[in-house]
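Working notes for the structure below.
The values are calculated or read from the model by the stated rules, or taken from the named source; none is laboratory data. Quantities reported herein were computed from a predicted structural model and do not represent experimental measurements. Using ideal geometry, Cβ is built from the backbone for each residue, glycine included, and neighbour counts are taken over all protein chains shown. In case anyone asks, the SASA skips ligands and DNA or RNA and just uses the protein heavy atoms, side chains included. Shrake-Rupley method; radii C 1.70, N 1.55, O 1.52, S 1.80 Å.
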Amino acid sequence: MTTLLITDGDQTADLLAAAGSRAIILPWRDALHDGPIPALDTLEALSAVRAEHLASVFKFDPGTVAATFGERDAVMRRHAEFDRIELWFEHDLYDQLQLLQVLDFFAREERTEGIVIVQADSFFALERPDTVMRFAIDGMRVSPAVLNTARTIWDELTAPTPEAIAKRATKPIRGFPFLQAALARFLEELPQPGTGLNRTEMRLLDAVGMEEMSPAALFHQAREAEEAPFMGTWPFYAVIDSLAFCDFPLLRGVHAPYSHADSEVHAEYVTAPLSLTDVGEDILSGAQDQVSTNGIKRWWGGTELNGFKSWRFNRETRTLLDPR
């Protein structure tokens, strides 16, 4: 029997290989909560959009990123060669969005035979090679109903407005024990009424408002504050950059945007003491609004947020508000 094992990234892939898996292991390697996921007809078309975004934002070589996506997608197109396909994903937003995309692909391919989902309520990285395989015991065979649900929700995520996901996140989702919480957390990355800050931005500024903190310390604090941490260092530092290098900065202390490729910039950046500007203090208090002050230019799933009005999500009442 030939097995393909699809999982979130290289760390899990290495762990599963060390655990003795003889499958071909395919890491998905995409932070779908960051940047555009518009509704497109093929996996390859979306990969082109994702590769361009990741190369631009995180300063990767465009050709290398495109080639990495191309290799991944080529393996997916060969799925008929594998008798068994195991999908190993965790409970956090990062993994749950990946799981939906993978299942959407198989739904389009009308493939259910031999596909098993292995979902974990904790992080594989906390396991050892001799313990990680315990999650396979609760593996669930994929049914047409599960594929249809995944495809419907993926269509909702890639829609040009967040309305369907706001409704979807109000109740449990059969077959997906962690998806409701993940989608609810994703909605909190929309701007909040009053401040125009999303949950990550609000917590970051609130922490800096109490004491000077470095980007590295802020990242670790932010992870500890999450019920299911999903954001890596590079997307988190991109949030800091968006607050420090806008027209009316909210943060001071970093002198150049983060760069993983430049060791000197990296070393200075991660240890820089951040503090709030006057604008940052006013926005944090609600006296000013980030969206109306600096505008917004980013994507939330398939929703493009651009300009001085935006979709907003009230985290207290759990309600979505349309741009106004």
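Taking segment 306-324 as the range and being closer than 12 Å to Val291 by Cβ, touching a residue at least 60 places away in the same chain (Cβ under 8 Å) and of a type outside the set (Gly, Ala, Ser) as the test, the residues that pass are Trp311, Arg312, Leu321.
I'd like the full set of residues that are in a loop (DSSP other than H, G, I, E, B) and either closer than 11 Å to Leu190 by Cα or under 23 Å from the mean Cα position of the chain (by Cα) (or both), limited to segment 274-308. Lay out the reasoning, then the answer.
As a first pass, look at segment 274-308 and keep what is in a loop (DSSP other than H, G, I, E, B): 277, 286-289, 295, 302, 308.
Gly295, Gly302 - these are the residues of segment 274-308 that are in a loop (DSSP other than H, G, I, E, B) and either closer than 11 Å to Leu190 by Cα or under 23 Å from the mean Cα position of the chain (by Cα) (or both).
When every residue of segment 255-263 is checked against the conditions, none turns out to be open to solvent by 40 Å² or more (accessible area, probe 1.4 Å), modelled with pLDDT of 95 or more and assigned to a helix (DSSP H, G or I). Among the residues of segment 1-45, those identified as open to solvent by 20 Å² or more (accessible area, probe 1.4 Å), assigned to a loop (DSSP other than H, G, I, E, B) and among the acidic types (Asp, Glu) are Asp34, Asp41. Only one of Ala107, Ala145 is assigned to a helix (DSSP H, G or I) and either on the phi > 0 side of the Ramachandran plot or exposed (fewer than 15 other Cβ atoms within 10 Å of the Cβ) (or both). Can you tell me which? Within the list Ala107, Ala145, the selection yields Ala145. Would you confirm whether any residue within segment 158-179 is of a type in the set (Phe, Trp, Tyr) and part of a helix (DSSP H, G or I)? There is no residue in segment 158-179 that is of a type in the set (Phe, Trp, Tyr) and part of a helix (DSSP H, G or I).
Restricting the first member to segment 87-108 and to residues that are farther than 19 Å from Ala125 by Cα, and the second to residues that are polar (S, T, N, Q) and open to solvent by 10 Å² or more (accessible area, probe 1.4 Å), the beta-carbon pairs closer than 8 Å and six or more apart or on different chains are Phe106/Thr112; Ala107/Asn148. Look at segment 187-210: where a residue is on the phi > 0 side of the Ramachandran plot and a partner is open to solvent by 40 Å² or more (accessible area, probe 1.4 Å) and assigned to a helix (DSSP H, G or I), sitting 6+ places away or on another chain with Cβ atoms under 9 Å, you get Gly196/Ser292. Going through segment 126-142 one residue at a time, which ones are part of a helix (DSSP H, G or I) and open to solvent by less than 60 Å² (accessible area, probe 1.4 Å)? Across segment 126-142, the qualifying residues are Val132, Phe135, Ala136. For segment 47-62, the criterion of a residue being more than 20 Å from Thr233 (Cα to Cα), open to solvent by less than 40 Å² (accessible area, probe 1.4 Å), modelled with pLDDT of 95 or more and not basic (Lys, Arg) is satisfied by at least one position.
Of all the numbered requirements in (1) touching a residue at least 40 places away in the same chain (Cβ under 8 Å); (2) in contact with a strand residue (DSSP E or B) (Cβ under 8 Å, 6 or more places away or on another chain); (3) of a type in the set (A, V, I, L, M); (4) farther than 27 Å from Leu190 by Cβ, Ile25 misses one, and that requirement is (1).
For first residues located in segment 130-142 and closer than 20 Å to Arg111 by Cβ, partners that are among the acidic types (Asp, Glu) and open to solvent by less than 100 Å² (accessible area, probe 1.4 Å) and lie 6+ apart or on another chain with Cβ distances below 9 Å form the pairs Gly139/Glu86.
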